[in-house]
Each structure stands twice: as C-alpha cells, then as structure tokens.
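The values are calculated or read from the model by the stated rules, or taken from the named source; none is laboratory data. These numbers were taken from a predicted model, which means no experiment stands behind them. Note that we place each Cβ from the backbone using ideal geometry, even for glycine, and neighbour counts take in every protein chain shown.
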Amino acid sequence: MTEINQIVPNTEENAARCRCPNCPVYNECMDNKNERLFCSRGSSGCGLEKRGCLCLHCPNEIEYRLNSFFYCQKGAATEKNVASKTLK
C-alpha cells in the first residue's frame, strides 16, 4: 500500500493564518467544534452548504502551492489529490 503524504503541516502557525472561519461555507457547527485548517486536518464532521470558497486566497494554499477547493468536504490536501503548481 502506498503512503499518502500530507502537504500542509498541522501546526499552530498554519492554524493561525487559516481562512476557514471567514469562509461562506464555515458554519456554526464547525465553529462550535473549533474546526479549521481542513487542508491539513481533513474534512469537517459537520454538514455544509457550498456557498463559495476562500481556499485559493488562503496563505496556506499559496505557501504550499495547492490548487483546490472545499477541503472541508474533500479532506486534507495530499500528494495524491493535489496537482503541483509551478512558481513563475
């Protein structure tokens, strides 16, 4: 079985700059459970309604060169599920 490596480290620094709590999808359930940093910690245990996504504007998304949306639903960014970007 192939190991799937997580891209975004689950650190306090990354959690502090996380944009999840400001996202239109973020809801009261997520807030009550203090869920955030879905690109690292995985999908939410809460139901969600897709109403836009801030992932592409998140400092973690930019630093780790991710290019996806709705980690709150899909789960953490891994080498397997995120295509790499090239910096120009």
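Values for this structure:
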| item | result |
| --- | --- |
| Pair list, Cβ < 7 Å and 6+ apart or interchain, from the range 15-30 residues that are at pLDDT 95 or above to residues that are assigned to a loop (DSSP other than H, G, I, E, B) and basic (Lys, Arg) | Ala15/Arg36; Cys18/Arg36; Cys20/Arg36; Pro21/Arg36; Pro24/Arg51; Val25/Lys50; Val25/Arg51 |
| Selection within the range 1-13 - of a type in the set (D, E, K, R) and either touching a helix residue (DSSP H, G or I) at 6+ places or on another chain (Cβ under 6 Å) or not in a helix (DSSP H, G or I) (or both) | Glu3 |
| Of residues in the range 71-83 being touching a Leu at 6+ places or on another chain (Cβ under 8 Å) and assigned to a loop (DSSP other than H, G, I, E, B), the one nearest to Pro24 (Cα to Cα) | Ala77 |
| Elements of type helices (runs of 4 or more DSSP H) in the range 14-63, at least 3 residues being over 18 Å from Lys74 (Cα atoms) | 28-32, 59-63 |
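Here's the yes/no breakdown for (1) over 15 Å from Val8 (Cα atoms); (2) exposed (fewer than 11 other Cβ atoms within 10 Å of the Cβ); (3) touching a Gly at 6+ places or on another chain (Cβ under 8 Å); (4) free of Cβ contacts under 8 Å to residues at least 40 places away in the same chain:
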| position | (1), (2), (3), (4) |
| --- | --- |
| Asn32 | yes, yes, no, yes |
| Arg36 | no, no, no, yes |
| Gly45 | yes, yes, no, yes |
| Leu48 | yes, no, no, yes |
| Cys53 | yes, no, no, yes |
| Cys58 | no, no, no, no |
| Phe69 | no, no, no, yes |
